[in-house]
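K.L.:
What follows is a single structure, and I will ask about it in a moment.
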Amino acid sequence: YFSWEVLRFLLSNLRMWIQDYGFDGFRFDGVTSMLYHHHGIGTGFSGDYNEYFGLHVDEDALCYLMLANHMINLLHPECITIAEDVSGMPALCRPVAEGGGGFDYRLAMAIPDKWIQIIKELKDEDWNMGNIVHTLTNRRYKEKYIAYAESHDQALVGDKTLAFRLMDAEMYTNMSVLSPLTPVIDRGIQLHKMIRLITHALGGESYLNFMGNEFGHPEWLDFPRIGNNESYHYARRQFNLTEDHLLRYRFLNAFDRDMNKLEERFGWLASPPGFVSEKHESNKVIAFERAGLIFVFNFHPYQSYVDYRYQMLLDSDAAEYGGHQRLDHSTEYFSEEFPHNYRPNSLMV
């Protein structure tokens with residue numbers, strides 16, 4: 001239960017951070033534990049409406065969140081608010097005037113967890129395309145999500161980033177262009193690019209990057225504490241790694257730069273969700289359309305396909321991104337009136 005004194009204190013805190021410190025938004029941590037009297041503990045959310053409407057909902061807490069979002073939106077419409085909610089509460093990211101929670105975005109927390117689970121538990125040939133697509137598209141329609149391939153938790157001590165999961169110890173010895181391109185580094189670089197792009201293009205209406213993830217930072221983040229003798233050794237990001245042209249980190253960084261530039265040009269994050277036309281389990285291919293672009297991903301560990309292309313705008317296999325230049329950018333491909341997967345035309349050579 002919130003007394004009016006507590007409520008005024010919390011709301012004035014929000015306004016203080018904006019006015020006095022120039023904050024341009026807030027991420028509300030652990031919103032799920034606030035929304036329900038059971039705090040989300042021991043509860044699995046399937047999406048059924050009975051799970052979100054009833055006496056188990058903490059109406060005082062929900063009212064506070066609506067007031068907080070209403071106040072911020074009214075006084076500082078330039079600020080955004082983001083909910084960290086794993087339950088999928090309906091209308092949490094719709095305006096208060098519609099009866100919603102008033103948040104601008106929610107974090108798509110299942111996506112980074114899914115990538116880590118796949119890499120930890122499955123062989124490349126066992127990756128499930130339908131499961132990947134489901135995780136990337138499983139969001140409430142007309143509510144905006146922030147997609148991210150790697151969470152900040154994975155960069156802290158006790159866990160590993162995607163790059164480190166993929167390449168591990170070889171990142172210390174085989175990331176130089178002067179050393180042979182090993183299968184581990186090759187696979188890691190190619191998958192790191194593909195995972196970021198498909199998450200960016202299909203996973204939400206905004207994209208989040210935790211510093212260093214854009215170039216596959218090799219180490220974790222650890223702040224000074226008793227457990228490490230107050231050491232600052234890992235309390236930093238080595239941004240210099242991208243400036244060394246003898247290291248392969250620059251390939252990952254260049255891809256991230258051009259991926260974001262391409263989004264700025266075509267605006268897929270502000271477009272309706274992508275239409276997935278192909279999730280082929282044996283070919284390990286995912287294809288979808290968004291913002292007038294066609295995205296084609298080949299996750300097959302050793303099989304290439306020559307007849308999928310149109311005119312390429314971003315190619316993760318290009319030399320400047322550490323790829324193998326297997327695709328001919330000068331070739332033109334045309335669609336034909338050959339129905340496939342409920343679409344009228346197909347791309348053919």
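The values are calculated or read from the model by the stated rules, or taken from the named source; none is laboratory data. Bear in mind the structure is a predicted one, so any value in this text is a computation, not a measurement. Neighbour counts are summed over all protein chains in view; Cβ atoms, including those assigned to glycine, are modelled from backbone coordinates with ideal geometry. Ligands, DNA and RNA are excluded from the accessible area calculation, which covers all protein heavy atoms including side chains. Shrake-Rupley method; radii C 1.70, N 1.55, O 1.52, S 1.80 Å.
Residue-wise test of (1) within 16 Å of the chain's Cα centre (by Cα); (2) assigned to a strand (DSSP E or B).
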site	(1), (2)
214	yes, no
218	no, no
227	no, no
236	no, no
244	no, no
258	no, no
262	no, no
276	no, yes
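K.L.:
Return yes when residue 40 is part of a loop (DSSP other than H, G, I, E, B), modelled with pLDDT under 95, open to solvent by less than 30 Å² (accessible area, probe 1.4 Å) and not assigned by the TED database to the domain that holds residue 148 and no when it is not.
P.N.:
Judged against the criteria, residue 40 is a match.
K.L.:
Take the conditions in the same structural domain as residue 156 (by the TED database) and more than 20 Å from residue 209 (Cβ to Cβ) and apply them to residue 283. Does it pass?
P.N.:
Against the criterion (in the same structural domain as residue 156 (by the TED database) and more than 20 Å from residue 209 (Cβ to Cβ)), residue 283 qualifies.
K.L.:
To continue, here is another question. Name the one entry in 191, 156, 181 that is surrounded by fewer than 20 Cβ atoms within 10 Å (Cβ to Cβ), among the hydrophobic types (A, V, I, L, M, F, W, C) and over 26 Å from residue 105 (Cβ atoms).
P.N.:
So the residue among 191, 156, 181 that is surrounded by fewer than 20 Cβ atoms within 10 Å (Cβ to Cβ), among the hydrophobic types (A, V, I, L, M, F, W, C) and over 26 Å from residue 105 (Cβ atoms) is 181.
K.L.:
Tell me, yes or no, whether segment 320-342 has at least one residue that is at pLDDT below 70, in a loop (DSSP other than H, G, I, E, B) and assigned by the TED database to the domain that holds residue 198.
P.N.:
Among the residues of segment 320-342, not one is at pLDDT below 70, in a loop (DSSP other than H, G, I, E, B) and assigned by the TED database to the domain that holds residue 198, which makes the answer no.
K.L.:
Restricting to segment 205-229, and then to whatever is out of contact with any Gly (no Cβ under 9 Å at 6 or more places or on another chain) and on the phi > 0 side of the Ramachandran plot, can you tell me which residue is least open to solvent (accessible area, probe 1.4 Å)?
P.N.:
So the residue we want is 212.
K.L.:
To continue, here is another question. Return the only residue of 271, 277 being open to solvent by less than 70 Å² (accessible area, probe 1.4 Å), of a type in the set (Gly, Ala, Ser) and modelled with pLDDT of 95 or more. Steps first, answer last, please.
P.N.:
Details: 277 fails: modelled with pLDDT of 95 or more.
After ruling out the rest, the residue left standing is 271.
K.L.:
Sticking with this structure for a sec: With respect to the numbered conditions (1) surrounded by 13 or more Cβ atoms within 10 Å (Cβ to Cβ); (2) out of contact with any helix residue (DSSP H, G or I) (no Cβ under 8 Å at 6 or more places or on another chain), which one is the sole condition not fulfilled by residue 72?
P.N.:
Among (1) surrounded by 13 or more Cβ atoms within 10 Å (Cβ to Cβ); (2) out of contact with any helix residue (DSSP H, G or I) (no Cβ under 8 Å at 6 or more places or on another chain), residue 72 violates only (2).
K.L.:
Oh, and also: Mind listing whichever residues of segment 287-299 are in contact (Cβ under 8 Å) with a residue 24 or more places away in the chain and at negative phi?
P.N.:
288, 290, 293, 294, 295, 297, 299
K.L.:
Sticking with this structure for a sec: Answer with yes or no whether residue 78 is open to solvent by 20 Å² or more (accessible area, probe 1.4 Å) and under 21 Å from the mean Cα position of the chain (by Cα).
P.N.:
no
K.L.:
Quick check on my filter: what residues within segment 3-24 are touching a residue at least 12 places away in the same chain (Cβ under 8 Å) and under 15 Å from residue 70 (Cβ atoms)?
P.N.:
Quick first cut of segment 3-24, residues touching a residue at least 12 places away in the same chain (Cβ under 8 Å) only: 7, 10-11, 14-15, 18, 23-24.
7, 10, 11, 14, 15, 18, listed by residue number.
K.L.:
Search segment 44-80 for residues being in contact (Cβ under 8 Å) with a residue 24 or more places away in the chain and in a loop (DSSP other than H, G, I, E, B), and hand back the single one that is nearest to residue 103 (Cα to Cα).
P.N.:
79
K.L.:
Being open to solvent by less than 70 Å² (accessible area, probe 1.4 Å), small (Gly, Ala, Ser), assigned by the TED database to the domain that holds residue 240 and within 23 Å of residue 89 (Cα to Cα) is the requirement here; does residue 147 meet it?
P.N.:
yes
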